[in-house]
Amino acid sequence: MMSGTDLVGTATVAAIGSFTASVLIVLTQGWHGKHSLDKDVAGVQKFHKIPVPRIGGIAVLIGILIAAIFPMSSQTFSAEGEWAGLFMLVLSGMPAFLAGIIEDVTKKVSVKARLIATFSSALLACWLLGAYLPRLDMWGVDALLHASPLAAILITAVAVGGVANSINIIDGFNGIAGSAVGIMLAALGFVSWNAGDAFVTYLAVLGVGATIGFLFMNYPTGRLFLGDGGAYFMGFWLAEVAVLLVIRNPEINTWQVLAVCAYPVIEVLYSMYRRKIIRKTSPGAPDRLHLHTLFYRRVVCQLLPRNDEKPWIRNAAVACITATWIAAIALLAVMLGDTVPSALAVIGVNLVCYIAIYTRLVRGHWCLNPVVALGFLRSRPARPAIRELP
């Protein structure tokens, strides 16, 4: 098992590699900015004021690769023969990463094509690493997964693709996606370290370090964006760490892992429901009704005065709220989620908080009735319409 010093060293190398690459991307934007800059400052989900490079995913990938090539504990992993698994995981993530990067550069890759790419990455990991869920800790479903490997592979592909897309969905303000991935990977890394799984711990630490290095350029001023390539790849990395943790450690229940990752999963599921069922639009259509956007409009803009000289202050404040939420739930999941009932309780608390806070921000009053809350957008809100807010 890796020592604490090895873990810190690995994270540091990944962070330095990612940070260095991030600085180079920002400094050379005069060369590649024609293709890499996000110039659509007036878009539906845009809150930045000047064009910013959106290829931060390249820096994150470089950070992971540098830490993998120059490991802090090569003897441990050479002995376990798992270096091949690390690079197979990176290779598996390439369809999701490349589809995202091409979208970042061309702005012409459809939502459907990117979704297919994330599913393809999940299927590649199933093939190259055997990374498909053998159980969900659900009566009846586990028997099906044991009897039908194809069903297990398909369920795993949907789960991994869903998590990858959820990270892209919550990537709306400086620091949100990076802090969310870093916190959740740290939580999963602690669970795997506590279980004695050096390989999964190493994967988690690599992701945490690379994310921290990127965040130094992304937060708070937003000089570099993660972009679709980075969001999809880090979402894929997070999902695969979760899948491998369940596969390699039978004593860890699937619901504890889901509890750690619950916030972005709830966000993407509710976004699909809101768009398709309530608003009768495409599930992939952008809007300004994500929870993090509501935090910005209903909380941050009301509490912090407008500052035209430093417009990033309001933008960055949103991550303080979401990171605190995600960290609190992750801590509960790690400390209390070692049994299925307790893990389900943590997920339930997260879901109730999400529904209550979401409806509070839109309607102006608390609503804990799930029937009313899930259909709240059909009725007239008690507060001004979202579009009227600054």
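Values quoted throughout were computed directly from the atomic coordinates according to the rules given, and no laboratory measurement underlies them. What you are looking at is a predicted structure, and each value in this text was computed from that prediction instead of being measured. Here the Cβ positions follow ideal geometry from the backbone for every residue, glycine too, while neighbour counts run over all protein chains shown.
For this structure, a couple of remarks:
- Under the span-like rule (Cα at least 24 Å along the axis, Kyte-Doolittle mean at least 1.0), DSSP H helices of the chain: 4-27, 111-129, 149-170, 176-194, 198-218, 227-248, 312-336, 340-363
- Taking the number of Cβ atoms within 10 Å of each Cβ as an exposure proxy, the fewest-first ranking of T106, T324, T359 is T106, T324, T359.
- Look at C320, C126 and count the other Cβ atoms within 10 Å of each Cβ; fewest to most, that gives C320, C126.
- Shape of the range 141-199, Cα gyration tensor, a/c cut at 1.5: oblate
- Residues whose amide H comes within less than 5 Å of that of D38, counting only those at least five positions distant or on another chain, are V52, R54 (H built at 1.01 Å from N in the peptide plane).
- Charge tally around V246: other residues with Cβ under 13 Å, Lys/Arg +1 each, Asp/Glu -1 each, net -3.
- Selected from G63, G140, G30 as most flexible by GNM, with the chain as the system and alpha-carbon contacts under 10 Å: G140
- When E251, E82 are arranged by Cβ crowding within 10 Å, least crowded first, meaning fewest neighbours, the order is E251, E82.
- Distance histogram in 5 Å bins (all Cα pairs of the range 116-167, percent per bin): 5, 24, 29, 22, 14, 6, 0
- Stretch in the chain that is longest and holds no chymotrypsin sites (Phe, Trp or Tyr not before Pro) that DSSP places in a loop and that have at most 14 other beta carbons within 10 Å: 140-365
- Using a Gaussian network model of the chain in which every pair of alpha carbons under 10 angstrom is joined by a spring, one finds that among V111, V60, V13 the greatest mean-square fluctuation is at V111.
- Candidates L238, L98, L24, ranked by Gaussian network fluctuation over the chain, Cα under 10 Å, top entry: L24
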